[in-house]
Ligand code: FAD
């Protein structure tokens, strides 16, 4: 193995890891970033898909949208000199109701019966009342955290209302729309963390807020730009297999049973900065600190020597990825605009529950020109959780027909004939295993959330999935990467 020495070893070159490395360097610390994949960016990824016209078309396989509250990401994008543009939103939206009837409407409110409309407003107000009580940085500290964490979001909504259409339409914003898990599998507290991180539930409902801007040429450009600054400090294609992070204290070793008692008792939790060694197939990096910048569902892919303290080993097993298919369909032109439609479509409880106009703007690897809109129209749709499972179980052609058929319910028969079609499948990728992000199972957030950001000896954690502001979003990744590096710099200074 090639031996390297640096102050900090960063595991993972997604936005969190690269921001940690960038910040640590600015603090005068040397860094090595070890990335499993042969590219940087993690769950952000600029891609190309070949069309029936023989040309490549640009798509954003992973995360892409920025909302106005994501201020740390916005300032970084500006600093890196990356231009942004607004999502196309002119024209009327489409809603398909539970009976399959299509309605064209203006504004944010779904065209539902007056009673359902009132019920949705009431539910949203109630969620926002609770959201206002939640500190996104420590939801487990809410006086009723355990109580809010033991009821599923679905069950709670059903306790509040007997209108299934209102429940489906409210649930969509957190369940299929964000956590990408069925609403009966996560708690009310977990749902409140999501809305608190966005400022309010009303912000999640407002697609013009939450899906506001994109980076010209794709969100992965943020990571590519940071990696370019870091140069040889970033090493690709090197999954970290082992992380040595502490010497078990021989004075407390349980000789008889062969387990270091200090680790078993969790003493090592508060261990000092020390000789950390990260091992990959080809590298051995010696450092004083490590930043673990991978999603929590992947922590257990690394062998920790000594093992993580008991409570961490348990906690990590209760954090899992959601599942969603991001559907990309490229057309000769954005035909829906000819009919005065924005391309924004909703249908709670349907196979495809959300669609947006995702037409590209600016320079990109498919040949876009700076500041100019691509003449081809792109739609992006989402197939979440149980529907995603059903779709992956189908043969490819049937899957494509089912998904395009569901999109055509909103935008008509022309939707059935894209010139390029692609399904984002991060669940099949070894170094992600789901989408968009991870969350706790029922009861997990109140039991273990307090551990997620506490360093384990010299190991600091950084990922969007353990963020407060920007939770599960690129902004959260950037914030967490920066915070981890600043915490290390502070430890170094004292
Ligand atoms: P990641 O991006 O997952 O990066 C982690 C990195 O660690 C990866 O590069 C991985 O390869 C690497 N790694 C893992 N294990 C190891 C190991 N053992 N050794 C070395 N390296 C390892 N967010 C938004 O803000 N807006 C959106 O519109 C949006 N849409 C999304 C759509 C999709 C389809 C997906 C999948 C995500 C979306 N997100 C969105 C979420 C956003 O992409 C993530 O929040 C963000 O990428 C998380 O960054 P991260 O650095 O914390 O983790």
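What follows is calculated from the coordinates using simple rules that are stated; it is not laboratory data. Everything quoted here is computed from the prediction, not taken from an experiment. As a convention, Cβ positions derive from the backbone with ideal geometry for all residues, glycine included, and neighbour counts pool all protein chains shown.
Structure values in brief
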| item | result |
| --- | --- |
| Residue 38-residue 247 FRET efficiency (beta carbon distance; Förster radius 56 Å; 0.05 resolution) | 0.95 |
| Simple spin-label estimate for residue 90 and residue 408 in nanometres, 7 Å along Cα-Cβ | 2.9 nm |
| Virtual spin-label span in nm between residue 429 and residue 53, 7 Å along Cα→Cβ | 2.7 nm |
| Separation of alpha-carbon centers, the stretch 289-363 and the stretch 45-117, rounded to whole Å | 14 Å |
| Estimated FRET transfer efficiency (residue 313, residue 78; beta-carbon r; R0 51 Å; 0.05) | 0.80 |
| Tilt relative to the chain, helix 188-197 - C-alpha long axis, 0 to 90 degrees, to 10 | 90 degrees |
| Estimated D of the stretch 72-152 in µm² per second, where Rh is the Kirkwood radius over Cα pairs and Stokes-Einstein applies at 20 °C, 1.002 mPa s | 125 µm²/s |
| Label-point separation, residue 490 to residue 151 (7 Å along Cα→Cβ), nm | 3.7 nm |
| The chain, helix-only ellipticity at 222 nm - DSSP H runs n ≥ 4, -39,500 (n - 2.57), divided by all residues, nearest 500 | -8500 deg cm²/dmol |
| Contour excess over end-to-end distance, with Cα ends at residue 281 and residue 141 and 0.36 nm allotted per residue | 46.2 nm |
| Amide N of the stretch 364-380 lying under 14 Å from the label point, which is placed 7 angstrom from the Cα of residue 333 along Cα→Cβ | 375-378 |
| Sequence-separation-based contact order of the chain, relative, with Cα cut under 8 Å and 6+ spacing, percent | 26 percent |
| Potential lengthening between residue 103 and residue 208 on full extension [0.36 nm per residue; Cα-Cα distance subtracted] | 35.9 nm |
| Order of 147, 216 under a 10 Å beta carbon neighbour criterion, fewest first | 147, 216 |
| Estimated FRET transfer efficiency (residue 125, residue 396; beta-carbon r; R0 41 Å; 0.05) | 0.40 |
| Length added when fully stretched, residue 133-residue 454, from 0.36 nm per residue minus Cα-Cα | 113.3 nm |
